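Step one of this worksheet: look at the structure below.
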Amino acid sequence: MGTEAPPKVPPAWFERLFWRAHRLAHRVSGGRFLRAPGTRFGWGTMRLTTIGRTSGRERTVIVGYVDDGPNPVVLAMNGWQEGHPAWWRNLQAHPDAVICLPGGDPRPVRAVTAVGKERERLWKLLGEAEPDLDAYASKRSTETPVVFFEPRG
């Protein structure tokens, strides 16, 4: 048996189109297109609102997440393409954000980058939801940040 090739990912233009369509469906449906973790996909989707690092305006995206107790955990990846997503760069500049989980109300949170053993633990948790996680990550030249959201006081 030879080494397995990394999983194929869709082209960047397709991913951008998919997520734009997902945001539109979310807006039109009043949020019914968010799904909770533990479904057949293993991960859920949530609405994340950040403050633009240069504009200072609210920016909303839909991101995949898994639960770690009360704290949702996400990967700051750009569809497994190179570079980091704009929402992650916004959180680096302004870590306070608002999330909306499926069936829930918006809630203020603070984004925290997991490091060391905590990152390893959360990476394994994410790997339970996505068995090809390591193979996808190997397609990127930079480490994919693992981010969790803590409630803001």
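The values are calculated or read from the model by the stated rules, or taken from the named source; none is laboratory data. Just so it is clear, the model here is predicted, and its values are computed rather than measured. All Cβ positions, glycine included, derive from the backbone under ideal geometry; neighbour counts span all protein chains shown.
What number of residues in region 120-153 are of a type in the set (Asp, Glu) and either under 20 Å from residue 82 (Cα atoms) or part of a loop (DSSP other than H, G, I, E, B) (or both)?
4
With the requirement that a residue be in a strand (DSSP E or B), over 12 Å from the mean Cα position of the chain (by Cα) and among the charged types (D, E, K, R), what does region 45-75 give you?
58, 59, 68, listed by residue number.
Going by what's in this entry, would residue 121 be described as among the charged types (D, E, K, R), buried (at least 17 other Cβ atoms within 10 Å of the Cβ) and out of contact with any Asp or Glu (no Cβ under 6 Å at 6 or more places or on another chain)?
So residue 121 does not fit the description; no.
Looking only at region 84-119, count how many residues are without any contact (Cβ under 8 Å) to a residue 24 or more places away in the chain and part of a loop (DSSP other than H, G, I, E, B).
Number satisfying all stated conditions: 4.
In this structure, does residue 91 turn out to be surrounded by 13 or more Cβ atoms within 10 Å (Cβ to Cβ), out of contact with any Cys (no Cβ under 9 Å at 6 or more places or on another chain) and modelled with pLDDT of 90 or more?
The answer is yes for residue 91.
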